[in-house]
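Each value in this text was obtained by applying a stated rule to the coordinates, not by laboratory testing. Here the structure is a predicted model, which means the values were calculated and not measured. Here the Cβ is made from the backbone with ideal geometry for all residues, glycine too, and neighbour counts use every protein chain on show.
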Amino acid sequence: MKVKIKRLNEHYLLEAQNADGNRMLMDANPSIGGTGAGVRPMEVVLMSLAGCSSIDVLSILKKSRQVATNFNVEVDAERADAVPAVFTKIHVEYQIEGDVDVDKAKRAIELSMTKYCSVTKMLEPTVEITHALRLNGELMN
């Protein structure tokens, strides 16, 4: 796996590119001179966690013949009030709609978070990661 970073302006606007040529813009916080033209690197980490786990969950649901007509994930994180400002807590809420059995959805999420999601496994030694399921608009316990 290989990625490249290219600086696009005299400030902090960066273009990330993977080996397939897919691109993403990243930028610094405006408080230090960023322009808001890209995603901040720590946001990319959260997006990576959500994306990695989403692929797992969707794959597991598909294999168990569950039909998710709508699928969203929201991630909320807290960072240390120090340098470096690492994540201390991350909460992931899976929002699934469709003809999906609650136990199968919970199992898919649990498998992703405890076994399959590489990003989760990298973060969990130093970050408290929690998750929840909202199925057809109802928060499940």
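In the chain, the longest principal axis of the Cα atoms and the axis of helix 41-63 are about 20 degrees apart. Once both labels are positioned 7 Å from their Cα atoms along Cα-to-Cβ, the gap between residue 40 and residue 70 label points is 2.9 nm.
Taking the square roots of 5 times each eigenvalue of the Cα gyration tensor of region 14-114, largest first, gives ellipsoid semi-axes of 31, 17, 11 Å. Label separation (residue 103 vs residue 23): 5.0 nm, computed from points 7 Å beyond Cα along the C-beta direction.
Per DSSP H run of n ≥ 4, the term is -39500 (n - 2.57); total these for the chain, divide by its residue number, and report the mean residue ellipticity at 222 nm rounded to 500 deg cm²/dmol.
Values: 3 runs with 39 residues, N = 141.
Roughly -9000 deg cm²/dmol at 222 nm, from the helical runs in the chain.
Backbone N atoms of region 88-111 closer than 16 Å to the 7 Å Cα→Cβ label point of residue 130 belong to residues 88-94. Computed from label points 7 Å out along Cα-Cβ, the spacing between residue 2 and residue 115 is 3.5 nm.
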